[in-house]
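What follows draws every value from the coordinates through simple rules; no lab data is involved. Being a predicted model, the structure only gives us computed values, none of them experimental. Cβ sites come from the backbone with ideal geometry, for glycine too, and all protein chains shown count toward neighbours.
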Protein chains: 2
Amino acid sequence: MSAAIISQGDEILSGQVPDTNFPFLARKLAKIGIAVQTHLVLGDSPGRLAQAIKSLSASSGLVLLTGGLGPTADDITRYALSEALASPLQLDQPALEQIEQHFARLKRPMSPVNRVQAMIPATARTIENPWGTAPGIAAKLGQTHIFALPGVPHEMRAMFSDRIEPELRRLGLAESAIVSRSLHCCGAGESDIFSLIKDLMARPENPQVGITAKDGVITVGITARADSPAAALELLDEKSRRICSRLGQFLFGRDQQTLAQVLGELLVRKNQSLALAESCTGGLIGKLLTDVPGASKFLLADLVTYANQAKIQLLGVPEKILEKHGAVSADCARAMAAGAIARTGADWALAVTGIAGPDGGTSEKPVGLIFIALARKDSSGKPVDIDVQECRFTGDRQHIRLRASHAALDCLRRALLGGR
Amino acid sequence: MSAAIISQGDEILSGQVPDTNFPFLARKLAKIGIAVQTHLVLGDSPGRLAQAIKSLSASSGLVLLTGGLGPTADDITRYALSEALASPLQLDQPALEQIEQHFARLKRPMSPVNRVQAMIPATARTIENPWGTAPGIAAKLGQTHIFALPGVPHEMRAMFSDRIEPELRRLGLAESAIVSRSLHCCGAGESDIFSLIKDLMARPENPQVGITAKDGVITVGITARADSPAAALELLDEKSRRICSRLGQFLFGRDQQTLAQVLGELLVRKNQSLALAESCTGGLIGKLLTDVPGASKFLLADLVTYANQAKIQLLGVPEKILEKHGAVSADCARAMAAGAIARTGADWALAVTGIAGPDGGTSEKPVGLIFIALARKDSSGKPVDIDVQECRFTGDRQHIRLRASHAALDCLRRALLGGR
């Protein structure tokens with residue numbers, strides 16, 4: 001059973017808006033044994049979209065569309081579906097009532113333009129969308145099942161998980177099983193990881209193994225195919241075990257786990273609290289940790305001291321250090337970490353200071369120079385230096401800030417694992 | 001002149017890694033009048049990739065590939081190119097030297113596996129990559145120009161801008177011109193904005209107008225096509241002027257401008273400083289503001305007070321308020337903003353507190369309830385309340401946090417524009 005996904009919208013084809021719906025759907029479909037064979041991105045032309053629906057329906061058992069169900073003139077999916085199915089649009093009364101109820105819940109007046117969202121091809125049916133105004137549309141063309149979902153990511157995700165996935169199972173559309181696992185590593189380069197597992201990556205092989213790198217995180221991806229989910233999982237587990245044993249402490253997590261999440265869980269398990277002191281990362285480390293629900297169990301505060309004056313006032317960094325060594329220095333990072341513990345009473349503090357660029361670099365202190373300090377509260381409540389690292393990252397501002405954030409989180413992860 | 005883009009990699013087709021390279025390239029190509037007609041995502045199969053290169057070369061004047069140039073076994077682009085071009089791989093000595101130099105610069109030993117990155121088809125040539133280890137590959141198949149670029153986003157971007165784009169201009173590949181503009185609005189819903197400009201959105205029309213919504217930002221996209229860049233720009237400007245006059249103060253920026261960037265520029269222009277006090281957004285507002293280079297010109301500090309104790313210690317929020325109203329309250333938000341001014345001396349302070357979910361909601365204080373407070377320093381240096389907003393957002397944690405951050409930034413933007 002293979003699937004085609006069509007992402008609809010000029011804003012996607014022109015690169016104005018990144019398509020986050022496709023990776024979500026591909027991942028979800030793979031888990032139930034449906035391989036995505038084609039991913040097509042099309043603009044706002046009803047004729048071309050109708051044509052693609054027809055031709056992909058001929059080669060795939062399942063066609064998923066995202067986007068183009070909104071109330072505005074560029075929302076053309078219902079028209080394209082009507083053309084592809086040769087079935088005129090008509091008003092679906094229950095769908096209209098759901099849209100009216102949605103606006104009532106939000107206590108907002110419903111604009112007359114939203115009425116069009118209840119129009120669907122006569123031979124299709126709507127899929128309820130309690131998360132937004134646009135109902136989905138389900139149809140069949142020959143033997144192929146077609147589902148059109150709204151493009152707003154959080155609505156599309158909720159609808160897929162809650163409505164489409166159960167329906168695909170009911171329809172028995174999962175044939176063979178494909179299971180994937182990602183193993184995430186930090187603290188080593190892509191070729192270092194490759195050298196560790198090279199002999200386990202021969203191709204073509206099942207499971208297949210690949211390596212990717214992003215923002216300092218090296219990911220080993222494993223994909224196993226078999227006739228049943230259980231058989232695929234067995235293949236995957238066996239390969240995964242062999243690879244994990246090679247990766248050692250570089251390995252921090254798998255699949256959707258992030259470094260921030262793994263570190264948070266480690267802190268909660270060890271009943272340790274954390275404070276952050278950020279400069280060039282400007283809140284990014286706090287953001288990464290609080291992306292994960294439950295960060296309040298360990299994170300006391302994040303003192304983003306962007307100005308030198310704030311480093312002095314809010315963290316007690318001695319003026320002498322800033323004068324002698326500058327804000328981008330190992331001494332300043334150490335003083336920031338110590339200050340974060342002194343001001344919050346946290347068990348641990350991570351501090352990051354550096355030059356994220358693109359401006360502000362010198363030959364002595366180039367863009368990408370980052371200092372990371374880790375401090376711990378001793379038994380008398382005083383901060384003690386645990387580690388200070390000098391890193392040099394290349395790339396643009398966002399990349400440098402993410403590398404620095406990941407390196408900082410990994411520094412504490414290793415310290416906690418090392419039992420320090 | 002139309003182009004095809006192939007994003008290569010199992011990690012993309014399986015949805016493990018979002019493809020950020022495609023939107024970047026589509027946007028860049030549109031600017032030089034090259035329309036992307038096909039975007040194809042393929043997995044790690046050299047045979048299928050070779051086939052796609054051949055068939056897309058027959059229908060497009062330009063084929064761009066991203067990914068699969070790394071040193072590991074799943075990096076198959078060079079093999080597929082060799083097959084498509086019917087041209088054997090051979091070692092490119094200058095490319096090997098560049099790779100060696102790259103490792104020397106990083107002061108890291110070069111792994112023998114990196115040597116394969118200097119192998120290219122005999123009829124192709126390498127494109128230097130000073131940003132990483134993988135050189136690009138340029139080739140011609142019939143009349144079609146083919147460029148293969150590494151998949152690592154920051155390397156791919158630098159190489160495209162610095163090497164490929166100038167070459168496309170030299171080759172005269174830009175024929176007709178397509179220009180796009182995005183107009184970003186905040187403070188209104190998608191259907192509100194549609195109602196304002198509905199009559200300017202008739203289809204098919206040139207320029208084409210579309211509306212999209214993301215995380216509280218409503219974007220009006222305008223795309224104009226003409227024979228020359230100047231003619232396209234004239235069409236675009238005319239349409240854009242008419243739309244802008246309807247959008248009024250909802251409109252905050254265009255194209256790659258973010259709300260954070262626009263607000264930062266406004267603060268710098270008015271010579272005003274800002275402090276933040278974040279709770280549920282956990283550093284996200286600071287992160288958004290410091291994503292933009294130069295934030296140090298206005299941002300003094302961001303006090304992320306996640307724990308109640310931190311709100312008391314670091315911001316001086318009265319315990320009474322936390323006991324009586326709780327941390328998620330208008331009073332707490334006001335006290336946080338006032339505290340941020342008192343502790344940092346900033347001209348303005350924004351405070352955000354709320355429930356981002358998925359847990360922690362009650363019937364009285366549901367997930368999505370957010371309080372935003374804005375305070376200003378008066379002439380005697382004391383904080384004065386300017387605004388406090390109670391918002392109710394729906395969606396998942398990330399969406400709620402982004403909506404809250406955008407609403408907070410927009411609150412200050414409007415206050416600065418209103419001259420308060």
Take every residue in peptide B:291-303, count the Cβ atoms of other chains within 10 Å of its Cβ, and give the average of those counts. 6
Between the modelled labels at residue A:128 and residue A:362 (7 Å from Cα along Cα→Cβ) the distance in nm is 6.6
Quote the charge dipole size of the range B:177-254 about the Cα centre in Debye, to the nearest 20; the model charges only the Cβ of Lys and Arg (+1) and of Asp and Glu (-1). 40
Which peptide among B:340-353, A:387-400 comes first, and what is the full order, when sorted by highest mean count of other Cβ atoms within 10 Å? B:340-353, A:387-400
To the nearest 10 degrees, how steep is helix A:229-247 against the longest Cα principal axis of chain A, on a 0 to 90 scale? 20
Order these peptides, A:106-114, A:402-410, B:98-106, by their mean beta-carbon neighbour count within 10 angstrom, highest first. A:402-410, B:98-106, A:106-114
Ranking of B:336, B:159, B:119 by count of other Cβ atoms within 10 Å, fewest first: B:119, B:159, B:336
How far is residue A:254 from the same spot in each other copy, in nm, shortest first, if each label point sits 7 Å from Cα toward Cβ? 5.1
In peptide B:86-94, how many Cβ atoms from other protein chains are near each Cβ within 10 Å, on average? 0
Sort the range B:2-170 into rounded, prolate or oblate with this rule: let a ≥ b ≥ c be the square roots of the eigenvalues of the Cα gyration tensor; rounded if a/c is under 1.5, and if a/c is not under 1.5, prolate when a/b is larger than b/c, oblate otherwise. rounded
How do B:303, B:416 line up, fewest other C-beta atoms within 10 Å first? B:416, B:303
Theoretical ellipticity at 222 nm over chain B - DSSP helices of four or more residues, -39500 (n - 2.57) apiece, nearest 500: -11500 deg cm²/dmol
Which aspartates and glutamates, on any chain, are close to residue A:239 with Cα under 17 Å apart, when same-chain ones fewer than 8 places away are left out? A:199, A:205, A:255, B:74
Exam field: residue B:296 pseudo-label spacings to other copies (7 Å along Cα-Cβ), nanometres: 3.5
Protection proxy ranking, peptides A:49-61, A:270-282, B:72-84, average beta carbon neighbours within 10 Å, highest first: A:270-282, B:72-84, A:49-61
Give the angle, between 0 and 90 degrees and rounded to the nearest 10, that separates the Cα long axis of helix A:46-59 from the longest principal axis of the Cα atoms of chain A. 90
Can you tell me, using C-alpha contacts under 8 Å and at least 6 residues apart, the relative contact order of the range B:147-217 as a whole percent? 26
Can you give the local net charge around residue A:28? Use residues other than it whose beta-carbon is closer than 11 angstrom to its beta-carbon, Lys and Arg +1, Asp and Glu -1. +2
How many Cβ atoms of partner chains, on average, are near each residue of B:65-71 if near means within 10 Å of its Cβ? 2
Figure the gain on full extension for residue B:233 and residue B:320 (residue separation times 0.36 nm, minus the Cα-Cα span) and round it to one decimal in nm. 25.4 nm
If I take R0 = 45 Å and measure r between the Cβ atoms of residue B:384 and residue A:171 in this structure, what FRET efficiency does the formula 1/(1 + (r/R0)^6) give, to the nearest 0.05? 0.15
Rounded to whole Hz, the Karplus (6.51, -1.76, 1.60) HN-Hα couplings of the range B:287-304, x for glycine and proline: 4, 5, 5, 8, 4, 8, x, x, 4, 5, 6, 9, 8, 7, 6, 10, 8, 8
Measuring from centroid to centroid over Cα atoms, what is the spacing of the range A:204-233 and the range B:350-365 in Å? 38
If amide hydrogens are placed 1.01 Å from N in the peptide plane, which non-local residues have theirs closer than 5 Å to the one on residue A:221? A:183, A:210, A:211, A:212
Reported to two decimal places, what Rg/Rh ratio describes chain B when computed on Cα atoms with Rh from the Kirkwood expression? 1.06
Estimated vicinal HN-Hα couplings, Hz - the range B:334-349 in sequence order (Karplus 6.51, -1.76, 1.60; Gly, Pro = x): 4, 5, 5, 5, 4, x, 5, 5, 4, 7, 10, x, 5, 5, 10, 9
Per-residue Cβ contact counts at 10 Å, fewest first, order A:198, A:311 as A:198, A:311
Expressed as an acute angle from 0 to 90° and rounded to the nearest 10, what is the orientation of the C-alpha long axis of helix A:21-31 relative to the principal long axis of chain A? 80
Normalised by the number of residues in chain A, what is the relative contact order in percent for Cα pairs under 8 Å and 6+ residues apart? 11
Under the classification rounded if a/c is under 1.5, otherwise prolate if a/b is larger than b/c and oblate if not, where does the range B:259-417 fall, given a ≥ b ≥ c as square roots of the Cα gyration tensor eigenvalues? oblate
Relative contact order %, the range B:259-417, counting alpha carbon pairs below 8 Å whose residues are six or more apart: 24
Need the full-extension length gain, residue B:297 to residue B:241, defined as separation in residues times 0.36 nm minus the C-alpha distance. One decimal, nm. 17.0 nm
